[in-house]
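Data block below; observations after.
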Amino acid sequence: MASYDLVVIGTGPGGYVCAIRAAQLGMKVAVVEKNATLGGTCLNVGCMPSKALLHASEMFEEAARSFAKMGVSVSAPKLDLPAMMDFKQQGIDGNVKGVEFLMKKNKIDVLKGTGKIIGAGKVEVSGDGKSETVEARNIVIATGSDIARLKGIDIDEKRIVSSTGALSLEKVPSSLLIVGAGVIGLELGSVWHRLGAKVTVVEFLDRILPGMDGEVAKQFQRLLEKQGFTFKLGAKVTAVDASGKTLQAKIEPAAGGAAETIEADVVLVCIGRVPYTEGLGLKEAGVALDNRGRVEIDSHFSTNVKGIYAIGDVVAGPMLAHKAEDEGVACAEIIAGQAGHVNYDVIPGVVYTTPEVSSVGKTEEDLKQAGVAYTVGKFPFTANGRSKVNQTTDGFVKVLADAKTDRVLGVHIVGVEAGEMIHEACVLMEFGGSAEDLARTCHAHPTRSEAIKEAALAVGKRAIHM
């Protein structure tokens, strides 16, 4: 029986990063993966392929709508959807092969099959009609999450699809109905809207992007409506009739009332994700789950069973790849006797639409609920030189700072490349920086990032260009 210092079940961003860090620290490591390729949801049917399609569809729309006003004359672009899907697959393949290379480089054994904890320090790996059992001084559960399903609506990944099916549609639907106005739904809706679909989004709550800053969500919704999105907020999809040529979705007000029917070629069910623990043997091993089916852990990522740890989407917290990666590193360091740590107050979130939305730290709603006195500095991209000359002026930057100490508590951005710009706020907040620190830091001109400096200046009511 093979024996390891650490066996990681799952090779998504949390799992493979945990394995690499453990190997760097001198451990003998193996990873278990039930799918044909490494990388988990993120690399195969999530973050990476969606970003490829977002980029390709944005280029398609730019060529159709924006080139001419910049003095670039081209014939009307034609969509070759199979070629675009091939572009997506090339990106997936490159990333997957990169993870395979990292496993070999770090001398990590890859065990193909489904992992199951069968006792103290033992993992059974089953696949292709055979199984093997390996010993592990430590086990990390990094099995990620699965799509959440709507009761009574069967996903066939052809016409009624999850995010997985929405990444591989064979043709552009003339109409796409999205159930859920969260990050994934808005990103995938953006892809197919740019390629020609009429997009309608149904959301149970009275707002889009639950959990994001309210002002940001409102302005972003207006921008999407300007692009052609239709939103039905405070509503729910109660049934989808798939018997006809087109789908008939029954929509009811969340608060009750008369129902309406919306016709669509494709329905995308995008109501969130749930932790994936099926077949892991957690109940038999005595590993405790919380009331939402997540693995319960302490501050050191340890479950209630000695030697078993958990990270990523399968535990509490935002279901983000970078959160899982940081937990993977910290968990490996703790197992090695070091002081691994994750600062959950400084985990950025990004919506990769056009424009992008990014956020780190507290929202205004968070601060009001906690009774924290704060000051606000805002700066619009309409007043930013680089954005003006590029004619990409949608959006703004908002900086929230403690009213007494001036420490930055949250930063929120709507705008082109917002996902890249948020990181200077992350670094500032990681070191406990103030709005004054940010305001006095020289920023290159002309850049969009100057808007962050100006928003910090606006905290003290001294923005220069507004």
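We did not get these values from a lab; they are worked out from the coordinates using the rules stated. What you are looking at is a predicted structure, and each value in this text was computed from that prediction instead of being measured. Cβ sites come from the backbone with ideal geometry, for glycine too, and all protein chains shown count toward neighbours.
Each residue of region 162-170 in order: what ³J(HN,Hα) in whole Hz does its phi give by Karplus 6.51 cos²θ - 1.76 cosθ + 1.60, θ = phi - 60°, with x for Gly and Pro?
Each residue of region 162-170 in turn: 9, 4, 5, x, 5, 7, 9, 4, 7 Hz.
Can you work out ³J(HN,Hα) from phi for every residue in region 38-46, in order, using Karplus 6.51 cos²θ - 1.76 cosθ + 1.60 and θ = phi - 60°, giving whole Hz and x for Gly and Pro?
These are the phi-based 3J(HN,Hα) values: 7, x, x, 4, 3, 6, 9, 9, x Hz.
Determine the gain in length on full extension of the stretch Met59-Ala148; use 0.36 nm per residue of separation and subtract their C-alpha separation, reporting nm with one decimal.
Residue separation times 0.36 nm, minus the Cα-Cα distance, leaves 28.9 nm.
Read phi for every residue in region 288-297 and hand back ³J(HN,Hα) as whole Hz from Karplus 6.51 cos²θ - 1.76 cosθ + 1.60, θ = phi - 60°, with x for Gly and Pro.
Couplings: 7, 10, 8, 6, 10, x, 8, 6, 7, 9 Hz.
Would you mind calculating the gained length between Ala76 and Asn304 on full extension (0.36 nm times residue separation, minus the Cα-Cα distance), in nm to one decimal?
Values: separation 228, 0.36 × 228 = 82.08 nm, distance 6.07 nm.
Gain on extension, Ala76 to Asn304, equals 76.0 nm.
Using the crude model of +1 on Lys and Arg Cβ and -1 on Asp and Glu Cβ, and no other charge, please compute the dipole size for the chain relative to its Cα centre, in debye to 20.
In total the dipole reaches around 480 debye.
Set the Förster distance to 41 Å, then compute FRET efficiency between Asp437 and Glu170 from the Cβ-Cβ distance, nearest 0.05.
Working: r = 52 Å, r/R0 = 1.27.
Taking R0 as 41 Å, the efficiency between Asp437 and Glu170 is 0.20.
Could you work out how far the C-alpha centroid of region 179-195 sits from that of region 59-103, in angstrom?
Here the answer is 17 Å between Cα centres.
Name the long-range amide H neighbours of Ile271: under 5 Å, sequence gap of 5 or more, or other chain; modelled H, no Pro or chain starts.
Answer set, sorted by chain and number: Ala148.
What is the packing order of peptides 219-227, 292-300, taking the mean over residues of other C-beta atoms within 10 Å and listing the highest first? Before the final figure, lay out each step's value.
Working: 219-227: 16.6, 292-300: 14.4.
Ranked from most to least packed, the peptides come out as 219-227, 292-300.
Under a plain spin-label model, where a point goes 7 Å from the Cα along Cα-to-Cβ, how far apart in nm are Glu296 and Gln369?
The answer from the label model is 2.3 nm.
Suppose R0 equals 25 Å; then what is the FRET efficiency for Ala36 and Asn106 from their Cβ-Cβ distance, rounded to the nearest 0.05?
0.75
Whole Å is fine, so just give me how far the alpha carbon centre of region 246-264 lies from that of region 296-340.
Each part's Cα centre sits 42 Å from the other's.
Setting aside same-chain residues fewer than 8 positions from Lys104, which lysines have a Cα under 16 Å from its Cα?
Lys28, Lys112
With the crude spin-label approximation of a point 7 Å out along Cα→Cβ, what separation in nm comes out for Lys130 versus Gln391?
Each label point lies 7 Å from its Cα, and together they span 6.3 nm.
Measuring from centroid to centroid over Cα atoms, what is the spacing of region 135-153 and region 18-42 in Å?
Measuring centre to centre over Cα atoms gives 16 Å.
Looking at region 194-301, send over the antiparallel percent of its DSSP beta bridges, to the nearest 5.
The antiparallel proportion sits near 75 percent.
Return the lysines within reach of Lys51: Cα separation strictly under 17 angstrom, same-chain partners fewer than 8 residues apart disregarded; answer none if there are no such residues.
Lys88
What residues of region 139-175 lie in the reach of a label at Ala288, counting those whose backbone N is under 20 Å from a point 7 Å from the Cα along Cα→Cβ?
Within reach of a label on Ala288, which here means backbone N under 20 Å from a point 7 Å along Cα→Cβ, region 139-175 contributes 139-142.
Given Ser302, Leu280, Gly317, which one lies farthest toward the positive end of the charge dipole of region 256-320, if we put +1 on the Cβ of every Lys and Arg and -1 on the Cβ of every Asp and Glu?
After comparing all options, I get Ser302.
Number of Lys pairs in region 349-459 with C-alpha atoms less than 18 angstrom apart, excluding same-chain neighbours closer than eight positions?
Lysine pairs, 8 or more places apart or on different chains, close enough: 11.
Could you work out how much longer the chain between Asp345 and Arg407 gets when fully extended? Use 0.36 nm per residue separation minus the Cα distance between them, nm to one decimal. Provide the component values of the computation, followed by the final result.
Working: separation 62, 0.36 × 62 = 22.32 nm, distance 1.30 nm.
Going from the current span to full extension adds 21.0 nm.
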